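Novice: Structure incoming, see below.
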Amino acid sequence: MITADSIADAAIGLLDESGDFTMAQLARRLGVGASALYNHVTGKEEVLARVRELVSDRIDTDVFDSVPFFDALLVWARSYRDAFARHPATIAVFATTALDGAGRTTGMYERVVAAFLRAGWPEDDVMTTLVALEDFIMGAALDAVAPADMFQLRSPQDAPTLSRVTAAARRSPSGTRPAQASFEAGIEAMLTGLRVRLARLSA
C-alpha cells in the first residue's frame, strides 16, 4: 500500500544509492505510475520534507526533559550524527532545502531552542550557536562513512610527520574507530567552549 511515508522511505533508498531522485524514479521503485504518487504527496519538495522528518525522528530530544542541558546536548549531538551517518546523501540535500513543510523536524528544533533558552542562552545567540553545532555534527556524519584510509599514503616519505601521526592514531588502544574518536574529541571541545561562551554572554 502506498502512503506518504512509504514514498519517503523509497526516496531515502534512492538518495542512499545515487544522491538524488526524480518522481518518476520513485514511482518505478514503488511499482506504480507517477500519477499515483500525487494522491499522497504534492511533489518532490514535500517528499524531501518527509524524508527530513524520517531522518530527524531518530534524533533524541526527549533527553532535554530529563538531564542537565549540556549533558542533554551531548546525547542530542550523538543521536543527530548517527541519524545522518545512516543516510549521508541527505546532508547535502537538506543543507539547501528550507525547513518549512517538515512538521516533526520543526518540532525537534522547537524543543532544542526552548532548551537553550531554559539554560539561560541569550535569545539572539541561540541560532548562531545551534548552527555552529550542526556544522560540526554534519561534518562528523560524513566522516563516519569516509574510507578508513583517507590519510594513508603510498609513499610515507612524502609526508613523514603526517604518516607517523596517522599510524599512531591507528595504534590507539582506545578501541574506538577513528571517526568516532574524532567526533567525541570535537564535541567535547565544542561543549567546553560553549560553557565558556554562555558564561561570557550571561555576564
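Novice: For the chain, what is the charge dipole size about the Cα centre, in debye to the nearest 20, if Lys and Arg each add +1 at the Cβ and Asp and Glu each add -1 at the Cβ? Working shown, then result.
Specialist: Numbers: 20 positive and 26 negative charges, 129 e Å.
In debye, rounded to 20, the chain gives about 620.
Novice: Most mobile of 126, 93, 67 per a Gaussian network model of the chain (Cα springs, under 10 Å)?
Specialist: 67
Novice: Within the chain, what whole-number % of the accessible surface is contributed by carbon and sulfur, with the 1.4 Å probe and all protein chains included in the calculation?
Specialist: Values: 6240 of 11250 Å².
Roughly 55 percent, rounded to a whole number.
Novice: Please state, as a whole number in µm²/s, the translational diffusion coefficient that the Stokes-Einstein equation yields for region 24-91 at 10 °C and 1.306 mPa s, with Rh defined as the Kirkwood radius across alpha carbon pairs.
Specialist: Numbers: Rh = 14.1 Å.
It diffuses with D of about 113 µm²/s by this estimate.
Novice: Hey, what D do you get for region 54-103 in µm²/s if you plug the Kirkwood alpha-carbon radius into Stokes-Einstein at 20 °C and 1.002 mPa s? Walk me through the intermediate numbers first.
Specialist: Details: Rh = 11.9 Å.
Estimated diffusion coefficient is 181 µm²/s.
Novice: List the relative contact order of region 1-157 as a percent without decimals, with contacts defined as Cα pairs under 8 Å and 6+ residues apart. Working shown, then result.
Specialist: Working: 136 pairs, mean separation 35.9, N = 157.
Dividing the mean separation by the residue count of region 1-157 yields 23 percent.
Novice: Can you give the Kirkwood hydrodynamic radius for the chain, in Å, rounded to one decimal and based on Cα pairs? The partial results should precede the final answer.
Specialist: Numbers: mean 1/r = 0.0520 Å⁻¹.
Hydrodynamic radius (Kirkwood, Cα pairs) of the chain is 19.2 Å.
Novice: List the extent of the Cα atoms of region 32-133 along each of their three principal axes, largest first, rounded to whole Å.
Specialist: 51, 27, 23 Å, listed from the longest principal axis down.
Novice: Something else about it: How many Å² of accessible area per residue for region 53-140, probe 1.4 Å?
Specialist: I get 45 Å² per residue for region 53-140.
Novice: Kindly rank 39-49, 25-35 from highest to lowest mean number of other beta carbons found within 10 Å of each residue. Show your work: numbers first, answer last.
Specialist: Numbers: 39-49: 16.5, 25-35: 14.5.
Descending packing order for the listed peptides: 39-49, 25-35.
The values are calculated or read from the model by the stated rules, or taken from the named source; none is laboratory data. Please read these numbers as outputs of a predicted model, since none were measured by experiment. No Cβ is skipped: glycine too gets one built from the backbone with ideal geometry, and neighbour counts run over all protein chains shown. Just the protein is used for accessible areas: all its heavy atoms, side chains included, with ligands, DNA and RNA removed. Shrake-Rupley method; radii C 1.70, N 1.55, O 1.52, S 1.80 Å.
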